[in-house]
1. For the stretch B:117-141, what are the residues that are in a helix (DSSP H, G or I), out of contact with any strand residue (DSSP E or B) (no Cβ under 7 Å at 6 or more places or on another chain) and among the basic types (K, R)?
2. Looking at B:V243, is it buried (at least 20 other Cβ atoms within 10 Å of the Cβ), of a type outside the set (D, E) and over 24 Å from B:A643 (Cα atoms)?
3. Considering only the stretch B:408-459, state which residues are of a type in the set (A, V, I, L, M, F, W, C) and closer than 29 Å to B:A367 by Cβ.
4. The conditions are (1) farther than 19 Å from B:G92 by Cα; (2) in a loop (DSSP other than H, G, I, E, B), and B:G474 fails exactly one of them. Which is it?
5. Exactly one of these conditions fails for B:I146: (1) free of Cβ contacts under 8 Å to residues at least 60 places away in the same chain; (2) in a strand (DSSP E or B). Give me its number.
6. Does B:L393 satisfy the condition of being assigned to a helix (DSSP H, G or I) and on the phi < 0 side of the Ramachandran plot?
7. Restricting the search to the stretch A:26-70, which residues are within 16 Å of A:T97 (Cβ to Cβ), surrounded by 19 or more Cβ atoms within 10 Å (Cβ to Cβ) and among the β-branched types (V, I, T)?
8. Please determine whether any residue of the stretch B:145-158 is more than 27 Å from B:M576 (Cβ to Cβ), of a type outside the set (V, I, T) and in contact with a Gly (Cβ under 9 Å, 6 or more places away or on another chain).
Amino acid sequence: MIAVVIIVGMGAFLLNGFSRARVAQQPIGFSHKVHAGDFKVACEYCHSYARRAAVAGIPSVQRCMGCHKITAADKPEVQKLQNHWNQKQPIQWVKVTSMPDFVFFEHWPHVRAGVKCQTCHGPIETMEETVQVNALNMNECLACHRKEKASIDCVTCHR
Amino acid sequence: MEIKRRDFLKILGVSGVSAAVSGCSSETSRTLIPYLIPENEVVPGQATWYATVCRECPAGCGVLAKTMEGRAVKVEGNPDHPVNQGRLCARGQASLQGLYNPDRIRQPLRRGADGNLQPVSWDEAERILAGRISELKGQGDRLAFITPVMAGSLDRLIDLWLKSVGGGKRLRYEPLSYESLREANRITFGVQEIPVYNLQNANFILSFGADFLETWLSPVEYARHFASMRAYRAGVMGRSVYVGPRLSLTGANSDEWIAVHPGNESFLALGMVNAILAEGLAEGLPAAELKGLQDIVAPHTPEAVAKQVGISADKIRVLARAFVKKHPSVALADAKSSNATDICVAVNLLNYVAGNVGATVRFGAEAAMAQVSSYGSFQKLLREIEQGAISILFVAGVNPLFNLPEGKRLRERLGKIPFVVSFSSFPDETTESAQLVLPENTFFESWGDYEPWTGIRGLQQPVMEPLYDTRALGDILLLLSTRLQNNEKLPWKNFYFYLRDQWKELYRRIKPDVDFETFWTESVRRGGNFQSVATKSVQLNPEVFKKSFQPPVFAGAGDGFALIPYPTLAFYDGRMANRPWLQELPDPVSQIVWENWLEIHPSDAEKLGIKKNDLLQIQSPAGEIKLPARISKNVRPGIVAIAVGQGHSAFGRYAQGRGASPMSLLSAEPEADSGALIWYGTRVAVRQTGLKHMLASTSGNDRSHDRGSFRRFPWPPFKAE
């Protein structure tokens, strides 16, 4: 009986562990390749809080519609966006990138220090579907902090 | 199958892991929902602070509200506001729990045929109310409007609005009013005002029952003053003596407590004046005034007073000398007995002969609290309601059915005659009797201004959108006015425009060097406009020389205990009882949480055989309540003390079923001189019920049992006096 419980427990753990690598099913088929790669839209044009706040921010529907009222208005995925706007319904994106618990991460000091978005988020401008490529665990953080001579004091991140 | 303890823990550990992991990956926590249209001032994760005014009590402290993503999450004192200078009390901190209170009324309600309140639309509610007002057909005096002291634009708008519907009675109700102080200032100095008390400059504070660290006038301001006068500055530490029947937090923070019987404070003050004059310590008094004062206090020699008050004549002389020599000193009075005005007059005289008037007691800037309507005018209204002379009663921001001793009687009458409209944000005892409830925004959601002292004009701005379908009182009145086609008299589109117009008038009056828009923006940013007001010199009013000083009178059986109901740091008059933070805040003296109790002296308890936590029946000619006993030397023998604020019957889930309110025991008599409600004028009989009711105390025990928790050691700069 103990063995059964352990197997079930491990099973739940493994399933959840793998689900990270799976591509999330997004409500709209958004492509970073088209936006950031082909058309070279600057990251901070959409993720406008990255330089000012802890979170980079998902663009508001209004920001999307700023271009898509006209641009590519006939594409089916863009029409999904327009439906959201017309019905005044925000889009429920599925979260892709996560940090481990117990870390206090803020985007703004990294952006202001000139760290490229791709350093942590990978070659995002080539991704048709967005995935998390780095584990963003303490090893990776420390490696970069050491290389760039940023603070490795515990309380810098664990506060 | 037998499972060993160790195996059981293993199973528990593993299934715990799987539960935790699956918990983290639930679909709802993995969605990111951006704004449809982003707010201009919102940066996610970054706080935006707005200056506004705390409206939880009449002190009117300035606050800064921290908002995150458009939600107020914390309040702090506004350092620029002269009243609190960056500090804030527990009630101010708990104001957020008013905003987010789950019991808030979320839309207009009307009483249906079945007697229950049912939701209606604003449009329908306005239509009903406009219909009722039209039925008055210009008989405006059949309408009465009860509000708290508002001292600002909304106050003036209500007056204008009442005028537009043909008059109407306006009452400004505060359960903690200072009518006797106001009346005493008229008798003593000819000014019907409440002055500024400058405690921080005083070297000696003698408080006659004024709990200035808890509720008296402006507690946050005075706590700061007190800390500064008690600090070891210029080689001396300010001295503080508390006179009163109960050891309050203010009393406990003083150097000495003189436990007089309630109402005898006047004699102690007069005895001190007598001693000061007899010893020739009063300087610079005109001969005529000196003669007049000597005549008033002649019967109150320290020896005579010593007998009445129960302390030695020498002690009175020592106090009197110290009071004059530690100039400037200050004597404060919060009198609630049948001779309340006498006490305040006696304390005024004490301040006058010690040369404190103009130094620590400054007339000129007036407290808004002086605008309060007297309790006598409430009794008049009650009689008019009973005679059927009132058809519509508006109640906004106050809960008279809980606070007035006649609450029960009023409830019976209101059920039958008038059309009661409540603007309360929460269900309370008054909305229980209302036919229509038009919920007001909380102060975090509305525009407004409040001038607690002349010249200190706090400006209140909404820090977030209203959470529910509620409206600001000013907007409700203006919309109602549109429906009644009174737009000519009240041409403002909403209250915001009225407020701005009022500030335009202020702008014209004070003529700053900038244009109006700059002045307005700066006032909103700073939280108001603050000006100092020149001190006005006052002289003795000849009327004071004719004043006679009466001993206190108590209703009820002569062998009963004098009842001392008192407001508390946490609940004020009871309006804060629906805040869980304050319910779980231990009383600063007794450390008891969640309930109230009856405090009785050990010698009295022994006589009646009362033990700790015994449930007692407390009976007066007006009513009876049941409360558990707390036996403590913090009250003098012959009195019992009960905190006001608990015992709500309809104030939401957090205030429900806790303790009892002593207000229903009071004999509902106004004081002869000022018309104020007599709080300390009832004797109660205390009886055992044979039951126990355990009180939750966070301290467990009042004594240190020689554990050495507190040590005394001499520090040379402090010398014994």
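1. Result: B:R127, single match.
2. Spelling it out, it is not the case that B:V243 is buried (at least 20 other Cβ atoms within 10 Å of the Cβ), of a type outside the set (D, E) and over 24 Å from B:A643 (Cα atoms).
3. Taking the stretch B:408-459 and keeping what is of a type in the set (A, V, I, L, M, F, W, C), we get B:410, B:414, B:417, B:419-421, B:423, B:426, B:434, B:436-438, B:443-444, B:447, B:453, B:456, B:459.
B:L410, B:F423, B:F426, B:F443, B:F444, B:W447, B:W453, B:I456, B:L459, listed by residue number.
4. With respect to (1) farther than 19 Å from B:G92 by Cα; (2) in a loop (DSSP other than H, G, I, E, B), B:G474 is out only on (2).
5. Tallying (1) free of Cβ contacts under 8 Å to residues at least 60 places away in the same chain; (2) in a strand (DSSP E or B), B:I146 fails exactly one: (1).
6. Against the criterion (assigned to a helix (DSSP H, G or I) and on the phi < 0 side of the Ramachandran plot), B:L393 does not qualify.
7. A:I58
8. No, the stretch B:145-158 contains no residue that is more than 27 Å from B:M576 (Cβ to Cβ), of a type outside the set (V, I, T) and in contact with a Gly (Cβ under 9 Å, 6 or more places away or on another chain).
The values are calculated or read from the model by the stated rules, or taken from the named source; none is laboratory data. Note that the structure is predicted; figures quoted are calculated from it, not measured. FYI the Cβ positions are ideal-geometry reconstructions off the backbone, even for glycines, and counts take in every protein chain you see.
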